[in-house]
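The values are calculated or read from the model by the stated rules, or taken from the named source; none is laboratory data. Remember, it's a predicted structure, so these values are computed and weren't measured experimentally. Glycine gets a Cβ as well: all are built from the backbone with ideal geometry, and neighbour counts include every protein chain shown. Only protein heavy atoms, including side chains, enter the accessible area calculation; ligands, DNA and RNA are left aside. Shrake-Rupley method; radii C 1.70, N 1.55, O 1.52, S 1.80 Å.
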Amino acid sequence: MKRLPIGILGSGKGSNCRTILERIRSGELAAETRLVVSDVLDAPILDLAREFGVANAYLRPGRFRTRLEPETEDQLVKMLRDAGVELVVLAGFMRVLHEPMLQAFPRRIINIHPSLLPNFPGLEAWKQALVAGEKVTGCTVHYVDEQIDHGDIIAQRDVPILPNDTAETLHARIQIAERELYPEVIGKFCEVMRAP
C-alpha cells in the first residue's frame, strides 16, 4: 500500500507530532514521515523524531523572530523536496511561511490551531477565549497562507469551556481534541492523495 510521504515542522515539544508518529506506527494512518524539521536546535520534537527513527534536521532560523529569511525558506523547500514530502504538517511551528514554501507546496501545508478560527488567532488562543468569556472554543485544522492562523478551514472540533476552567485545564482538553482531529484530517489527505 502506498503511504503518503509527510514532513513535520515544529518548534517545541511535539505532542501532536508524537500522536501522528504513533498512529503511523500502529498502522492507523497510511502515511510515512520522511522528515521532521525544527527551527530550535534543542527542541524536544527532534528527540521525538530520533525516538521513532525518523530523519530530522535543524533549520537555522536567522535574524527574524516570526518568519524565515527567504534563503532559509528556499533551503527548507529543498530539504522537504529531497525527502519526497507531499504534505507538510505544522505541529507547533512558530514561524509564518511565505512564498518559497507556499509556492512549492500549494494547498499542501496544513496547521492546527487551538481555537475555533477565525476567532482568536495568534498565541495562547485558549487564554484569549477564557478572557473573552466564551462558552465554547476548540481547535481548527486549516491550510496555511501568508497570514497568521488564517488559511481556509479544513476541519474543527468544539471544546466546551467549563465554569471552573483555568487556562491550564482548558488547554489540556483542547490538546486532547487536537490529537484526535489532526490525525483524522491527515488520514483524509492520505486517502485523497493516494487515490489513482
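Of note:
- Residues located in the stretch 55-97, provided they are of a type in the set (Asp, Glu), in contact with a helix residue (DSSP H, G or I) (Cβ under 9 Å, 6 or more places away or on another chain) and outside any helix (DSSP H, G or I): GLU86
- Pick from the stretch 1-37, criterion free of Cβ contacts under 8 Å to residues at least 40 places away in the same chain and under 16 Å from the mean Cα position of the chain (by Cα), ranking: surrounded by the fewest Cβ atoms within 10 Å (Cβ to Cβ): GLU22
- The set of residues in the stretch 132-158 being open to solvent by 60 Å² or more (accessible area, probe 1.4 Å) and modelled with pLDDT under 95 consists of GLU146, GLN147, ILE148, HIS150.
- Residue among ARG34, ARG95, ARG50 that is farther than 16 Å from CYS17 by Cα and basic (Lys, Arg): ARG95
- Scanning the stretch 94-110 for residues that are under 18 Å from ILE186 (Cβ atoms) and open to solvent by 20 Å² or more (accessible area, probe 1.4 Å) turns up PRO106, ARG107, ARG108.
- Counting the residues of the stretch 38-59 that are open to solvent by 30 Å² or more (accessible area, probe 1.4 Å) and either within 17 Å of LEU97 (Cα to Cα) or touching a His at 6+ places or on another chain (Cβ under 9 Å) (or both) gives 2.
- Qualifying residue in the stretch 73-82 (condition: in contact (Cβ under 8 Å) with a residue 40 or more places away in the chain and in contact with a His (Cβ under 6 Å, 6 or more places away or on another chain)): no
- When LEU48 is tested against (1) in contact (Cβ under 8 Å) with a residue 24 or more places away in the chain; (2) on the phi > 0 side of the Ramachandran plot, exactly one condition is not met: (2).
- Put simply, of ILE8, ILE45 the only residue that is in contact with a strand residue (DSSP E or B) (Cβ under 8 Å, 6 or more places away or on another chain) and either in a helix (DSSP H, G or I) or farther than 22 Å from VAL77 by Cα (or both) is ILE45.
- Residue among GLU124, GLU184, GLU180 that is under 18 Å from ASN16 (Cα atoms), open to solvent by 60 Å² or more (accessible area, probe 1.4 Å), touching a residue at least 12 places away in the same chain (Cβ under 8 Å) and in contact with a Pro (Cβ under 9 Å, 6 or more places away or on another chain): GLU124
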